[in-house]
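Trainee: Below you'll find the structure I mean.
Every read-out reported here was derived from the displayed coordinates using simple, explicitly stated rules and does not represent laboratory data. The model shown is predicted, which means the values in this text are computed figures rather than measured ones. Glycine gets a Cβ as well: all are built from the backbone with ideal geometry, and neighbour counts include every protein chain shown.
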Amino acid sequence: MKHNSTDSSETSPRSRLRDLGIAPGVFAPGPLNAITDVPGLLVGHATVVEGATIRTGATAILAHGGNIFCDKVPAAIAVFNGYGKFAGSTQIEELGEIETPVVLTNTLATGRAIEAIHAHTLAQPGNSRVVSINAVVGETNDSRLNDIRAGRPDISEIRAAIDAASDGEVAEGAVGAGSGTVAFGLKGGIGTSSRLVPFKSGETFTVGVLVQSNYGGRLLVDGVPCSASPATEDKDGSIVIVVATDAALCERNLKRLAQRAFGGLARTGAALSNGSGDYALAFSTHESVRRAPERRASIALMPTLPNELVSPLFEAVIEATEEAILNSLCMAHTVEGYDASSGKPSRVEAISLEALARYKAR
């Protein structure tokens with residue numbers, strides 16, 4: 001997984017949660033334990049670290065490598081607490097589909113991310129007559145470590161995240177849209193995980209999750225308060241959870257799947273406060289439910305899983321969300337940056353992997 005960066009402040013190797021012997025849940029992860037275990041899905045980062053004050057970036061998630069505007073995918077959004085900005089959410093709610101890459105970035109870069117998505121989409125072969133685009137952008141505020149007023153990432157840097165999207169392993173921690181985020185008073189960031197869900201029919205579907213963690217509460221690891229977090233934790237903040245699956249789900253059951261992701265958020269000890277923006281977007285990449293032009297012109301029903309079969313997917317998304325969040329903490333390194341509110345230098349420590357290892361051994 002490639003990601004662009006102007007600098008790096010990483011000082012020591014980091015480990016994912018399972019590498020520490022902690023494995024939440026009962027479903028097995030996919031081969032990469034990442035959202036890219038969903039076939040065809042692509043992820044790209046643009047990490048923008050510059051001087052003493054810029055610690056930000058963008059992360060792009062593409063449902064497939066084709067022209068998403070022409071080959072739309074069913075989708076749904078769920079909002080637990082709406083203290084935030086999620087561009088494109090009303091059209092997703094109305095039409096039950098996404099037609100662009102999904103970009104995550106910082107709060108004041110939301111408009112630039114929309115412009116980057118517009119540029120990418122208009123440049124796609126077959127889109128020469130497109131005059132309206134529903135760009136999908138999620139954000140969290142990284143001003144604790146980043147000069148968010150400085151106009152970074154810019155449009156070209158966000159476009160670079162889209163262009164860099166690929167399959168394979170996903171970089172986690174203080175990268176892309178997670179470069180300057182803070183969770184539980186510790187360095188947060190990008191995290192990902194996946195679960196394989198076998199069905200009696202012999203089919204196995206994948207549920208993948210990617211998060212941008214930037215919220216507060218009292219950190220729990222596998223249901224137990226974790227001493228690796230500071231004595232005083234943040235309460236406010238935000239998280240964006242992106243859920244992808246290759247199960248053939250309609251937008252109604254995707255909405256239900258997105259809502260269940262908040263079960264994984266709660267398992268980590270989230271405060272779910274008044275000042276928290278908690279968003280989950282879910283979409284299906286299954287070929288049978290894609291909304292290509294010929295399908296959109298047909299009255300034929302697209303086959304989807306019935307209600308009676310979706311419960312295991314609900315359980316899987318809870319597990320994958322919890323682990324993705326914990327991976328975002330485990331893979332993040334300590335970052336020194338700039339607090340835009342106070343105008344002073346700031347430093348946010350990474351979670352202690354040694355403390356987590358002691359937690360596992362107790």
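Trainee: Summing Lys, Arg as +1 and Asp, Glu as -1, what charge do residues with Cβ under 12 Å from the Cβ of residue 352 carry, residue 352 excluded?
Mentor: +1
Trainee: Additional query: Quick one: Karplus J couplings for segment 175-182, per residue in order, coefficients 6.51, -1.76, 1.60, θ = phi - 60°, nearest Hz, x for Gly and Pro?
Mentor: Running phi through 6.51 cos²θ - 1.76 cosθ + 1.60 with θ = phi - 60° gives 9, x, 5, x, 4, x, 8, 9 Hz.
Trainee: If you count, for each residue, the other Cβ atoms within 10 Å and average over each peptide, how do 34-46, 257-269 line up from highest to lowest?
Mentor: Per-residue mean Cβ counts within 10 Å order the peptides as 34-46, 257-269.
Trainee: Would you please give the FRET efficiency between residue 23 and residue 273, computed as 1/(1 + (r/R0)^6) with r the Cβ-Cβ distance and R0 = 25 Å, to the nearest 0.05?
Mentor: 0.30
Trainee: To continue, here is another question. Students often check this: by mean Cβ neighbours within 10 Å, which of 99-107, 334-342, 159-167 ranks highest, and how do the rest follow?
Mentor: The peptides rank, most packed first, as 99-107, 159-167, 334-342.
Trainee: Let me ask something else about it. Within a 10 angstrom radius of the beta carbon, how do 187, 72 rank from fewest other beta carbons to most?
Mentor: With the fewest neighbours first, 187, 72 line up as 72, 187.
Trainee: Oh, and also: What residues have an amide H closer than 5 Å to that of residue 221, excluding those fewer than 5 places away on the same chain, when H is modeled at 1.01 Å from N in the peptide plane?
Mentor: 226
Trainee: In the chain, which whole DSSP H runs stretch at least 27 Å along their own axis (Cα) and average -0.5 or higher on the Kyte-Doolittle scale?
Mentor: 311-330
Trainee: Let me ask something else. Could you rank the peptides 123-129, 284-290 by their average count of other C-beta atoms within 10 Å per residue, with the highest value first?
Mentor: The densest-packed peptide leads the list: 284-290, 123-129.
Trainee: Right, something else. What net charge do the residues around residue 53 carry, taking every other residue with its C-beta under 11 Å from that of residue 53, with Lys and Arg at +1 and Asp and Glu at -1?
Mentor: Charge balance in the 11 Å sphere: 0.
Trainee: Can you work out the Karplus-derived ³J(HN,Hα) for every residue in segment 62-74? Use 6.51 cos²θ - 1.76 cosθ + 1.60 with θ = phi - 60°, whole Hz, and x for glycine or proline.
Mentor: Once θ is set to phi - 60°, the couplings for segment 62-74 become 10, 4, 7, x, x, 7, 5, 4, 7, 10, 5, 10, x Hz.
Trainee: Something else: Calculated from the structure, Cα extents along the principal axes in Å equals which of (i) 58, 45, 35; (ii) 64, 44, 38; (iii) 62, 48, 40?
Mentor: Matching entry in (i) 58, 45, 35; (ii) 64, 44, 38; (iii) 62, 48, 40: (i).
Trainee: Which links in 85/235; 85/255; 85/344; 72/200; 187/255 stretch past 21 Å when you go from one Cα to the other?
Mentor: In this structure, 85/344; 72/200; 187/255 lie more than 21 Å apart at Cα.
Trainee: Moving on to the next point. Using a cut-off of 14 Å between beta-carbons, work out the net charge of the residues near residue 119 (Lys and Arg +1, Asp and Glu -1, residue 119 not included).
Mentor: Here the count lands on -2.
Trainee: Using a 10 Å cut-off around each Cβ, can you sort 241, 155 from fewest to most neighbouring Cβ atoms?
Mentor: With the fewest neighbours first, 241, 155 line up as 155, 241.
Trainee: Given R₀ = 30 Å, what would the calculated FRET efficiency be for residue 204 paired with residue 355, taking r from the Cβ atoms and rounding to 0.05?
Mentor: 0.25
Trainee: Please tell me the relative contact order of segment 3-353 in percent, rounded to the nearest whole number, where contacts are Cα pairs under 8 Å and at least six residues apart.
Mentor: RCO, segment 3-353: 25 percent.
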